[in-house]
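In what follows, a single structure is set out as structure tokens and then discussed.
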Amino acid sequence: MKRFLIILLMSLVATASYSWDKRGHDASTMIAEKYLTKKARKNISKYLEGHTLTWYASYMDYMGYHYKLGLSNEWFDHCSPVNRKMEYSNGDYDDSGISQKGDAVMCIRKAVDEMKDGGYRNLPDSTVTLYLAWLAHFVPDIHCPSHVIYNFRSTNYWVNVGGGEKVLFHGIWDHVPDRYGIHDWSPGEYCDHLTRNLSRKEVKAIAMDGDVLGWVHQNAVECLVAYDIVRPDTLTDVDCYNATVLADRQLVRGGIRLACLLNMIFG
């Protein structure tokens, strides 16, 4: 049993850390860039070292673990835990038996608290750059269905994807925009297709005035259906279609809400 738990946790690290895959993270961050104010865009550009914000979209997946740039340097840095009331609840994860030392919500709130009200001007440039990388990655992360951790139930299991191959639930959702999704779009095409018909009123409603805990609650309530879509049996074409519909909505929300926070801080 102990050996099984170790293998399971290693699998979680391998799959859960890469929510949305590179294409999905790029898409969400491109959506965010589309909704930045001119002032925010100008102020942010000073800290991007000549890159775009999208360049940092997956920075925490590749460099965060290597240099221990998160709060705890563990896979749950990229997740948002909730309780039975579907409210943010930092604490132990039911499946892992590991004491939680950090999560994506903690990272988001720390970055916002230290940079808001002009606070970013008093921080070293390197710290602002890191916090931008945090927000660019962790805000979309908390919108990935597999990164909402329901701490009162099991949140991972093996799924038969055909050909004798099995993939963890987390791995399915981490790769819905790419491997298991129905689109063959580039990140730019995702940004265009998913936002072209959004009205200002719809964008404002999605932003929810920057209420991070409100986002977590809404994600928890509306992403629970992910377990009905991807079940511990065979993944079908219909499942992939329904997963894509949910993922598309969450990618848009993650991008618009990232822009909301950045505009509040920098613009």
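Once Cα Rg over 2.2 N^0.38 Å is calculated for the structure shown, the corresponding label among (i) 0.96; (ii) 1.02; (iii) 1.28 turns out to be (i).
Counting protein heavy atoms only, region 105-220 has 47 percent of its accessible area on carbon and sulfur, 1.4 angstrom probe.
For region 178-267, relative contact order (Cα pairs under 8 Å, six or more residues apart, normalised by length) works out to 46 percent. Using a 1.4 angstrom probe and counting only protein chains, how large is the accessible area of E114 in Å², to 10? Approximately 70 Å² for this residue.
Using the rule -39500 (n - 2.57) for each DSSP H run of four or more residues, divided by the residues of the chain, the 222 nm mean residue ellipticity is -16000 deg cm²/dmol. Modelled spin labels at Y241 and D117, positioned 7 Å past Cα toward Cβ, are 5.2 nm from each other. Figure note: D209, D233 ranked by solvent-accessible area, largest first, 1.4 Å probe, ligands and nucleic acids not counted: D209, D233. Take the Cα of Y67, go 7 Å toward its beta carbon, and the backbone nitrogen atoms of region 131-173 under 19 Å from that spot belong to 131-139.
Cross-link partners for K38 among the lysines, with Cα-Cα distance under 20 Å and sequence neighbours closer than 8 places in the same chain left out: K46, K116, K201, K204. In degrees from 0 to 90, rounded to the nearest 10, what is the angle of the helix 237-266 Cα long axis to the longest principal axis of the chain? Approximately 30 degrees, to the nearest ten. Taking amide H positions as modeled 1.01 Å from N, with prolines and chain starts lacking one, no residue 5 or more places away or on another chain lies under 5 Å from Y180.
Here the Gaussian network model covers the chain, with springs between Cα atoms less than 10 Å apart; of I229, I108, I256, I229 fluctuates the most. Full extension of the chain segment joining D125 with D211 gains 28.3 nm, where the gain is 0.36 nm per residue of separation less the Cα-Cα distance. For the chain, the solvent-accessible area with a 1.4 angstrom probe is 46 square angstrom per residue. Couplings 3J(HN,Hα) for region 176-190, derived from phi with the Karplus relation 6.51 cos²θ - 1.76 cosθ + 1.60 (θ = phi - 60°), are 5, x, 10, 5, 9, x, 9, 8, 10, 9, 6, x, x, 5, 4 Hz, where x marks Gly and Pro. Accessible area ranking (1.4 Å probe, heavy atoms, ligands and nucleic acids excluded), largest first, for I182, I172: I182, I172.
The values are calculated or read from the model by the stated rules, or taken from the named source; none is laboratory data. Here the structure is a predicted model, which is why all the values come from computation and not from measurement. Neighbour counts run over all protein chains shown; Cβ positions are idealised from the backbone, glycine included. Protein only, heavy atoms only, side chains kept; ligands, DNA and RNA dropped before computing areas. Shrake-Rupley method; radii C 1.70, N 1.55, O 1.52, S 1.80 Å.
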